[in-house]
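K.L.:
Take this structure first; my questions come after.
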Amino acid sequence: MYLVTVWGNLLIILAIGTDHHLHTPMYFFLANLSFIDTCFSCTIVPKLLVNIQTQHHTISHTGCLTQMYFFIALALIDDFLLAVMAYDRYVAICLPLHYTTIVCPQRCVLLVSASWLCSHFLAFSLTLLMSRFSFCASHSIPHFFCDVPPLLRLACSDTHAFQITMFAEAALSGVVPLTCILVSYAHIIHTILRVPSAGGKHKVFSTCGSHLSVVTLFYGTLSLVYYQPTSSYSADTGMVASVMYTMVTPMLNPFIYSLRNRDMKGALWRLFGWGKYSTQ
């Protein structure tokens, strides 16, 4: 799964980078998402594989906090990028005549840069608070990586301030992007319903189907872990959901975005030199 995730996402990045047909805002955001998914898996899976191979299930305090920091930062960037991609589809479908003006290259870079900066700031604030906790109970984490909920259950310090900060950040980095996605798709659906032909409706919706699938997978599994009180956290449910969003979703994303996308399939064929593949 790890190799498929890394190679699949790297192929998406290479295909977009080497094919001038794909040098558009939509594929610029997709390349960034693939890069984030690759880093996301590399933050967790290599350490997990070493633990399985050596049967030496330990991690230092600094290593644990570092893993938690990059995990939170990359998950938040994923969050923001999915909202940016939804906005891109909204402008392309609902405001096509203004698309090149609104989603210009400078604005694309600004949106991605803002996502990175905001995510790292939020991740740093939570990691700084976590670093001040003392863990006087068992040091055995009932998880396969240093996730926030299981670490909170091991802390013997007062975690009230941390939980308030975490839920505030969840509202900012989770609810706000999700609201942007839902509003964007509400406008997109309204526009699709006004398209007279069934073929036209299908063509418009097919450009959003892949993104909608990824959003459903990402938010569906994430909500099982983070949008609930710490007291009701279940280690078993948390681990199953974590496997989904740390391993399964990043692995499936390249397939979701390439198999249903004619331009992407054409770029991959040209990348491997497997003859001509029409994008018309």
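The values are calculated or read from the model by the stated rules, or taken from the named source; none is laboratory data. Treat the numbers as computed from the prediction; the structure is a model and nothing was measured. Note that we place each Cβ from the backbone using ideal geometry, even for glycine, and neighbour counts take in every protein chain shown. Please note that ligands, DNA and RNA were not included when accessible areas were found on the heavy atoms of the full protein model with its side chains. Shrake-Rupley method; radii C 1.70, N 1.55, O 1.52, S 1.80 Å.
Listed here are the residues, each with its yes/no results for (1) closer than 22 Å to PHE71 by Cβ; (2) at pLDDT below 90; (3) not acidic (Asp, Glu).
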| site | (1), (2), (3) |
| --- | --- |
| LEU3 | yes, no, yes |
| LEU10 | yes, no, yes |
| LEU14 | no, no, yes |
| LEU22 | no, yes, yes |
| PHE35 | yes, no, yes |
| THR38 | yes, no, yes |
| THR43 | yes, no, yes |
| PRO46 | yes, no, yes |
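K.L.:
Identify all residues within the stretch 153-162 that are farther than 15 Å from LEU128 by Cβ and in contact (Cβ under 8 Å) with a residue 60 or more places away in the chain; write none if there are none.
P.N.:
Correct list: ARG153 only.
K.L.:
Answer yes or no: is there a residue in the stretch 173-182 that is of a type in the set (S, T, N, Q), open to solvent by less than 30 Å² (accessible area, probe 1.4 Å) and in contact (Cβ under 8 Å) with a residue 24 or more places away in the chain.
P.N.:
Checked against the condition, which is being of a type in the set (S, T, N, Q), open to solvent by less than 30 Å² (accessible area, probe 1.4 Å) and in contact (Cβ under 8 Å) with a residue 24 or more places away in the chain, the stretch 173-182 yields at least one hit.
K.L.:
Against the condition assigned to a helix (DSSP H, G or I) and open to solvent by 30 Å² or more (accessible area, probe 1.4 Å), how does LEU33 come out, does it pass?
P.N.:
Taking the combined requirement at face value, the residue does not satisfy it.
K.L.:
Follow-up question, since we're still on this one. Can you confirm whether PHE133 is hydrophobic (A, V, I, L, M, F, W, C) and open to solvent by 20 Å² or more (accessible area, probe 1.4 Å)?
P.N.:
yes
K.L.:
Among the numbered criteria (1) in contact with a Gly (Cβ under 7 Å, 6 or more places away or on another chain); (2) part of a loop (DSSP other than H, G, I, E, B), which single criterion is violated by PRO149?
P.N.:
So PRO149 meets the others, but not (2).
K.L.:
Moving on. Within the stretch 101-130, which residues are free of Cβ contacts under 8 Å to residues at least 12 places away in the same chain and either hydroxyl-bearing (Ser, Thr, Tyr) or buried (at least 20 other Cβ atoms within 10 Å of the Cβ) (or both)?
P.N.:
THR101, SER113 - these are the residues of the stretch 101-130 that are free of Cβ contacts under 8 Å to residues at least 12 places away in the same chain and either hydroxyl-bearing (Ser, Thr, Tyr) or buried (at least 20 other Cβ atoms within 10 Å of the Cβ) (or both).
K.L.:
For the stretch 249-262, which residues satisfy the criterion of being surrounded by 15 or more Cβ atoms within 10 Å (Cβ to Cβ) and modelled with pLDDT of 80 or more?
P.N.:
If the condition is that a residue be surrounded by 15 or more Cβ atoms within 10 Å (Cβ to Cβ) and modelled with pLDDT of 80 or more, then THR249, PRO250, MET251, LEU252, ASN253, PRO254, ILE256, TYR257 are the ones that fit.
K.L.:
Which one of SER113, SER157, SER140, SER125 is at pLDDT 95 or above and among the small types (Gly, Ala, Ser)?
P.N.:
Only one candidate passes the filter, namely SER113.
K.L.:
Any idea which residue in the stretch 67-87 is farthest from LEU178 (Cα to Cα), counting only those that are touching a residue at least 60 places away in the same chain (Cβ under 8 Å) and out of contact with any Leu (no Cβ under 9 Å at 6 or more places or on another chain)?
P.N.:
Ranking the qualifying residues of the stretch 67-87, first place goes to GLN67.
K.L.:
Check HIS139, HIS160, HIS187 and return the single one that is open to solvent by 60 Å² or more (accessible area, probe 1.4 Å), under 30 Å from VAL91 (Cα atoms) and more than 19 Å from the chain's Cα centre (by Cα).
P.N.:
Result of the check over HIS139, HIS160, HIS187: HIS187.
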